[in-house]
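This report refers to the structure that appears directly beneath it.
Where a number appears in this text, it was derived from the coordinates with a stated rule and is not lab data. It should be emphasised that the depicted structure is a prediction, and the values quoted were computed from it without experimental measurement. Methodologically, a virtual Cβ is constructed for each residue, glycine included, from the backbone with ideal geometry; neighbour enumeration extends over all protein chains shown.
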Amino acid sequence: MVAAYGLSTQAQTLEKMQWFNEPASYTIQKGTLEMDVPAQTDFWRIAHYGFTVDDGPFLYATYGGEFEAKIKVSGEYKTRFDQAGMMIRKDHEHYVKFGIEFVDGKYNISTVVTHHTSDWSVIQLDKPVPYLWLKAVRRLDAIEIFYSFDDQEYTMMRTLWMQDNCPLQVGPVAACPDGQGFKARFSDFKVKHLPDQRRVEWLKKNQ
């Protein structure tokens, strides 16, 4: 394991986060994570392919309540299904991962939602992009996920159910199911607390 540590001006520092499936080679410096994504790794459960894998690299912090999470991702994608993005995870049977996925020579904005079994949806891009911004908003029992090319205009790509009132793991994720590995880069990770909607409504009625 190779790791370099530097100071970050962000409240959520990557240096303080935890690894699930720590990769053999990565650096964390000045709020940026660069990793060599291990070969033959992925997150998927049962559906369509008939197998379950849970061995991709995932760097996370745990958050309760409602929040907005953002990250900027890029990668040197080479082989089918090379991917980099963000994951929000309750446990091995309940998670969403979303970001860029390289499929048949094309860049795709990809989402996998897993509730015991996985599903997959993609938005194919007409040309490669140097990086992608991702955003997730957790409200009550729903998570809305968005993408942007400039961190200004965001487009919603999906809304999904996720159990409320339980902590979730949030952070950068990557996978390389078919290839021999590639380099991925993550920066500008931020999580902003949002006031609990039920409590806000209660306060309005009980002032």
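If each of Glu22 and Asp126 carries a label point 7 Å out from its Cα toward its Cβ, how far apart are those two points in nm?
4.6
Give me the extension gain from Ala47 to Glu93: residue separation times 0.36 nm, minus the current Cα-Cα distance, reported in nm with one decimal. Write out the running numbers ahead of the final one.
Values: separation 46, 0.36 × 46 = 16.56 nm, distance 1.22 nm.
That works out to 15.3 nm of additional length.
Using 7 Å Cα-to-Cβ label points, what is the Gln197/Glu34 separation (nm, one decimal)?
4.1
Based on the Cβ-Cβ distance from Thr13 to Asn165, what FRET efficiency comes out when R0 is 22 Å, to the nearest 0.05?
0.25
Where nothing but the Cβ of Lys and Arg (+1) and of Asp and Glu (-1) is charged, how large is the charge dipole of the chain around its Cα centre, in debye to the nearest 20? Walk me through the numbers before you get to the answer.
On the way: 24 positive and 27 negative charges, 121 e Å.
Here the chain has a charge dipole of around 580 debye.
Would you mind ranking Trp133, Trp19 so that the residue whose beta carbon has the fewest other beta carbons within 10 Å leads the list? Each step should come with its number before you reach the end.
On the way: Trp133 18, Trp19 13.
Ascending number of Cβ neighbours within 10 Å: Trp19, Trp133.
Any idea which of His115, Pro57, Thr159 is furthest toward the positive side of the dipole for segment 14-205, if Lys and Arg beta-carbons carry +1 and Asp and Glu beta-carbons -1?
Result: Thr159, furthest along the dipole toward the positive end.
Among the lysines, which fall within straight-line cross-link reach of Lys183, defined as a Cα-Cα distance under 20 Å, with same-chain neighbours fewer than 8 residues apart omitted?
Within the straight-line cut-off, Lys183 pairs with Lys30, Lys72, Lys78, Lys97, Lys106, Lys127.
Evaluate the distance, in nm, between pseudo-label points positioned 7 Å from the Cα of Thr155 and of Lys205 along their respective Cα→Cβ axes.
Distance between the two pseudo-spin positions: 4.0 nm.
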